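My structure is below; once you've seen it, I'll send some questions.
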Amino acid sequence: MAVCCLLIGKRPIYKQERIGQRGKVFLIYKLRTMCLDAEKKGPQLSSEDDPRITRIGRFLRCYRLDEVTQFYNVLKGDMSLIGPRPERWFYFRQIVQEKPLVYLLCNVRPGISSMGVVKYGYASNLSMMLNRIEYEMLYFKKMSLWTDLKVIAGTIVTIFKGRGV
């Protein structure tokens, strides 16, 4: 992580508000993969060819190294290793308007990795987020040790194949 921080340069770690268990807002910690003023126009989703992503940021995302700092969130109790990905309030409100049952995901602790991230990947627009959330809802319905082990296996494959983007 120290090497990643040195390669990133200025302000390598940033924090962002996310919705957690019981709807509580918490700060998620991530390695910066975008230019410093990436959201000067407000919250924006990124896409695979997003010009705001730095060269080192593209590599970090590919191998999901930008998520390593979230182990701090696990230690704090805000997150677990596996669970639905926590969304930003800005997008959570939009998702709930389309799929009100998404509030059920607030009953569990969000995770660093999730079925939605493994099966669907990053989402670059609201429609994609709604598709990915279906996997998060499926995870919620089928939560078990076996399901968590399958998500962990999928996460490992994603990391080693460099399919993080």
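The values are calculated or read from the model by the stated rules, or taken from the named source; none is laboratory data. Treat the numbers as computed from the prediction; the structure is a model and nothing was measured. Cβ sites come from the backbone with ideal geometry, for glycine too, and all protein chains shown count toward neighbours. When the accessible area is computed, the model is the full protein with side chains, heavy atoms only, and any ligands, DNA or RNA have been set aside. Shrake-Rupley method; radii C 1.70, N 1.55, O 1.52, S 1.80 Å.
Determine the equivalent ellipsoid of segment 1-139 by diagonalising the alpha-carbon gyration tensor, then write out the semi-axes as square roots of 5 times the eigenvalues, largest first, rounded to whole Å.
24, 17, 14
Counting heavy atoms of the protein chains only and a 1.4 Å probe, report the per residue accessible area for the chain as a whole number of Å².
On a per-residue basis, the chain sits at 58 Å².
Then there's this: What are the extents of the Cα atoms of segment 77-165 along their three principal axes, listed from largest to smallest and rounded to whole Å?
Here the spans come out as 35, 26, 22 Å, largest first.
How high is the relative contact order of segment 32-77, in percent, with contacts defined as C-alpha pairs under 8 Å that are six or more residues apart?
The normalised contact order for segment 32-77 reaches 46 percent.
So what is the relative contact order of segment 1-64, in percent, for Cα pairs below 8 Å that sit 6 or more residues apart?
Relative contact order here is 28 percent.
Let me ask something else. Using the charge dipole of segment 23-98 (Lys, Arg: +1 at Cβ; Asp, Glu: -1 at Cβ; taken about the Cα centre), state which of Pro84, Cys35, Ile95 has its Cα farthest towards the positive end.
Comparing the listed Cα positions along the dipole, Cys35 ranks first.
Carbon and sulfur atoms: what percent of the 1.4 Å accessible area of the chain do they account for?
That share works out to 60 percent.
Could I ask something else about it? Size of the dipole of segment 4-79 about the Cα centre, Lys and Arg at +1 and Asp and Glu at -1 on the beta carbon, nothing else charged, in debye to 20?
220 debye
Taking just the alpha-carbon atoms of segment 30-81, what radius of gyration and Dmax come out, in angstrom?
12.5, 34
Determine, for each peptide in 104-117, 145-158, 64-77, the mean count of other beta carbons within 10 angstrom over its residues, then list the peptides with the highest first.
The peptides rank, most packed first, as 104-117, 64-77, 145-158.
If you build a Gaussian network model of the chain, linking Cα atoms that sit under 10 Å apart, which residue out of Lys30, Lys40, Lys141 swings the most?
Lys40
Using the crude model of +1 on Lys and Arg Cβ and -1 on Asp and Glu Cβ, and no other charge, please compute the dipole size for the chain relative to its Cα centre, in debye to 20.
For this selection, approximately 200 debye.
With an 8 Å cut-off on Cα pairs and a minimum separation of 6 or more residues, tell me the relative contact order of segment 1-146 in percent.
24 percent
Only helical DSSP H runs with n ≥ 4 go in: add -39500 (n - 2.57) per run for the chain, normalise by residue count and round the 222 nm mean residue ellipticity to 500 deg cm²/dmol.
So the calculated ellipticity at 222 nm is -12000 deg cm²/dmol.
Have a look at Ile133, Leu145, Ile13 and report the one farthest towards the positive end of the charge dipole of the chain, computed about the Cα centre with Cβ charges (Lys/Arg +1, Asp/Glu -1).
Going by the Cα projections, it comes out as Ile13.
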